[in-house]
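Notes to accompany the following structure.
Derivation of every value follows stated rules applied to the coordinates shown; laboratory data play no part. These numbers come from a predicted model, not from an experiment. Using ideal geometry, Cβ is built from the backbone for each residue, glycine included, and neighbour counts are taken over all protein chains shown.
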């Protein structure tokens, strides 16, 4: 490919007066009375388009004057410094080749006018052509790359835990079934029940809701691992924070306690936010101007401030004794609501806060029981402007305590035999957490709905494209 | 965490005579008559364990002499250069803390003796503790990180194309159904058919077999994208090369033709192989010694040699005129078998080879038709020692040609309306390919079966853990 990315030109990486070729799509066209056309061309490589100045001396200048938003072109010309405002460089074109026209420009779904976010969602295959979704795509990529880089630099191994699971220990209530059975002619046992032994995997299978339990097996051998993969919830939650299919980052660390992973969460978030501030300034400026005016400043504050830490028990006292009226009352033993978490982060601590040691009765079986007999070594990271962003815990590494908890919760120990093996054979203290990737991207960009930060969102009633 | 990774100590990153703590699992223990025990401790951070030399002066020396393979320990002591063969540094321990015992060492599934690969597969939750699967895990991670790095450095954006798809255009024959319908009481229409409007997504939904078509939508806006995510095939293929769930890397590049992506494939493979040779020498030496003796040399040759290129039509002539007896006869128009591909790479060209321009009748509808009317701009990358490793094509960007092909194949244009939109609005020449990640890891490590290079393999009849 002999053409250059527009980002390279705008960053000044190419010598002025060079002959260059760029390829991209028309954002706007303006014609002067003097017989010159100005094309704004974007190629996705950065937020800004580059301006191509096209003289009417070109053979196909009549074609140029018919270019509309979305047409694809190849432009060759001389790179010059721009006299125009808001642009550093432009191209004095000596050739414009039209690669693809837009059929019926008047009905082009991504015409230059501003579209509602809901309209864009209904045209998910074309919306990355807009300024907004283009910027989301670059920031999302920047965050994903920074996450991989962060863990790799610290000696973690990326593990792909299974997507399809036949494990009985994930709580099948909100799971999607995976099957190849003929729905019209389901095989049945003598008792009239569906015969899943005939199904592809020889038993019932579902889409995973978390890689954690599998991740623990690898942490119990490789010490430091993380997953970054899709997870699924068949929840009927029609909110701006829920997707049926979303990506999760789940580190799992041997020889680490709750303090260690609280620190890991803080280090990771600061690392990836710094990466966005350094690498995607152009897109972040757009979000700050058009989407959420604190988009940049709140990230800058986030990376500068130490996280606060508070015990759940103390947090409850803070919430009970403050002047704020909450919709949901707070008592020791109840799970904190979003309004409580945000009060703690935004008004009380005025910083991201790690809430630790929750009541055992509201938490999962695998969390490590504290000495007080009432709480478990769980933590949530709560951030100003979003609320809970990370949830994690130290895992119960003591077989007898784990078994007692399984019994207490009416869970079948045989279903957890491989998980219990980790406690039988060289068990180690270990901890981990989960980060919902789309919530992270929504927070960083200020986009109000996770459906707009994943390419093709899947929600109740919707799986188009 | 105050302990250090064993890899840091063995690489000489810590000053000799420092007091250090490491945490890990016992690989072996040997006691000398002089009252000294030698513990080989591994923590997953590198191939080699570190030796801890434990004098009988320790208070809990009786515990130390009961340590067996798999027990977890914390060892503190002085780092010294080792006089022993095959190890650079060791620890003169002044404290050994036992973190976790192995219940019934005699029946520990990962005891120190050598286990068959099939046995390890049946203990997938414990097998990363072995030398072999530990090495696979590190090399797999190295390859994944290098893939992300390669694309990121070149200005590609990672896109997460959907896992669940209700799109009709993927060919549902070999797909897994995703559903939340109550299998015991399936809703039915008046006509007695299953009423999928009652299902979670309001229609039939499946697990994706490829992110390509979705990826094309983003390449048609961002120019250069890639996917790296799980894909699924409900095939009853009980071979060493097939998984029901596997990870794919699929770059899609606007303004790129077949030559461009053939070059991209070559550059990418060489980049990631170099990363393995540089970063995971320890593991690769193990594979060369114990799994596939050419494991290192064939990678070294791969990165040094230019790829050969041959047209399918010429390849058929080579195969027809050579002396080799093939199981399957070759004629123009048939798809090449693995034996043919390997002959071309291993015996004829003695290099990785790109086979280009296949007969259109054996290829997918989206591949770009060549001027000859008989072939399409498809390519396969075939490597010595493995056969096909990458398949790709230039995509048909001309709406009229695409539509004629859909008609010819009896496909419904309405099912492809969003895909066709890309050709209506600023269509551009573009190309891409797919790489099966597990096949890549299997090739690099020399492991004979893709089930042993993914943590928890899913195959017909098997989805345990």
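On alpha carbon coordinates alone, what is the Rg over Rh value for segment B:223-266, Rh being the Kirkwood radius? Over the Cα atoms of segment B:223-266, Rg/Rh equals 1.12.
Measuring spread by the Cα atoms of segment B:246-389 yields a radius of gyration and Dmax of 16.6, 51 Å. With N counted as the residues of segment B:26-89, its alpha-carbon radius of gyration over 2.2 N^0.38 Å works out to 1.08. The helix-only estimate of mean residue ellipticity at 222 nm for chain B, built from DSSP H runs of length n ≥ 4 each weighted as -39500 (n - 2.57), is -8500 deg cm²/dmol after division by the residue total.
Taking only the C-alpha atoms of segment A:140-283, the Rg (one decimal) and the largest Cα-Cα distance, Dmax (whole number), read 19.3, 65 Å. Label points for residue B:116 are taken 7 Å from Cα along Cα→Cβ. From this copy to the others they lie 6.5 nm apart, shortest first. Based on the Kirkwood radius over alpha-carbon pairs, what is the Stokes-Einstein translational diffusion coefficient of segment B:172-215 at 25 °C with 0.890 mPa s viscosity, in µm²/s? Answer, rounded: 207 µm²/s.
In this label model, residue B:324 and residue A:314 are separated by 7.1 nm, measuring between points 7 Å along each Cα→Cβ vector. Convex hull volume per residue, computed on the Cα atoms of segment A:111-198, equals 198 Å³.
Sorted from shortest to longest, the distances between the residue A:304 label points of this copy and the other copies are 5.5 nm, with each point 7 Å from Cα along the line through the beta carbon. Taking one quarter of the surface of the convex hull spanned by the alpha-carbon atoms of chain A gives a direction-averaged projected area of 28.7 nm².
Starting from the label point of residue B:155 at 7 Å along Cα→Cβ, the same points in the other copies fall at 3.8 nm, in ascending order.
Under the simplified labelling scheme, the residue A:36-residue A:103 pair shows an inter-label distance of 3.7 nm, with each label point 7 Å from Cα along Cα→Cβ. For q = 0.04, 0.05 Å⁻¹, what log10 I(q)/I(0) does the protein assembly as shown give under the Debye formula with an equal point scatterer on each alpha carbon and no solvent? Scattering profile of the protein assembly as shown, log10 relative to I(0): -0.20, -0.32. Helix B:312-321 and the longest principal axis of the C-alpha atoms of chain B enclose an angle of approximately 80°.
Compared with the dominant principal axis of the Cα atoms in chain A, helix A:258-279 is inclined by about 0°.
Considering segment A:77-123 at the alpha-carbon level, its Rg and Dmax are found to be 16.2, 40 Å. Rounded to 0.05, the FRET efficiency of the residue A:88 and residue B:113 pair, given R0 = 51 Å and the Cβ-Cβ distance, is 0.15.
Modelled label positions at residue A:66 and residue B:263, each set 7 Å beyond Cα in the direction of Cβ, lie 3.3 nm from each other. Over segment B:16-70, what is the relative contact order in whole percent, taking alpha-carbon pairs under 8 Å and six or more residues apart? With pairs under 8 Å counted, the relative contact order is 35 percent. Taking every pair of distinct Cα atoms and averaging 1/r, then inverting, what Kirkwood hydrodynamic radius in Å comes out for segment A:329-373? Result for segment A:329-373, one decimal place: 12.1 Å. Summarising the rotation from chain B to chain A, the nearest chain B beta-carbon to the axis and its distance in Å are given as B:148, 3. Pairwise inverse Cα distances across segment B:206-308, averaged and inverted, put the Kirkwood hydrodynamic radius at 16.3 Å. P(r) tail for segment B:345-407: Cα pairs beyond 16 Å make up 49% of the total. Evaluating kT/(6 pi eta Rh) at 10 °C and 1.306 mPa s, with the Kirkwood radius of segment A:59-162 over Cα pairs in the Stokes-Einstein relation, gives 90 µm² s⁻¹. With only alpha-carbon pairs counted, each pair once and no self-pairs, how large is the Kirkwood hydrodynamic radius of segment B:418-460 in angstroms? Over segment B:418-460, the inverse of the mean reciprocal pair distance is 13.5 Å. Dimensions of segment B:1-145 along the principal axes, based on C-alpha atoms and rounded to the nearest Å, stand at 42, 37, 31, largest first.
The orientation-averaged shadow of the Cα convex hull for segment B:286-351, equal to a quarter of the hull surface, comes to 5.5 nm².
Against chain B, whose longest principal axis is taken from its Cα atoms, helix B:295-304 shows a tilt of about 50°.
Percent of Cα pairs in segment A:385-452 per distance bin of 5 Å, from zero to the largest separation: 3, 14, 18, 14, 12, 9, 10, 12, 8, 1.
Mind checking the log10 I(q)/I(0) for segment A:312-465 at q = 0.11, 0.12, 0.13, 0.17 Å⁻¹? Debye, one equal scatterer per Cα, no solvent, two decimals. Per q value, in the given order, log10 I(q)/I(0) is -0.58, -0.68, -0.77, -1.05.
Under 15 Å from a label point set 7 Å out along the Cα-to-Cβ vector of residue B:28, the amide N atoms of segment B:54-81 belong to B:68-70. Full extension of the segment from residue A:414 to residue A:331, taken as 0.36 nm per residue of separation minus the current Cα-Cα distance, would add 26.3 nm.
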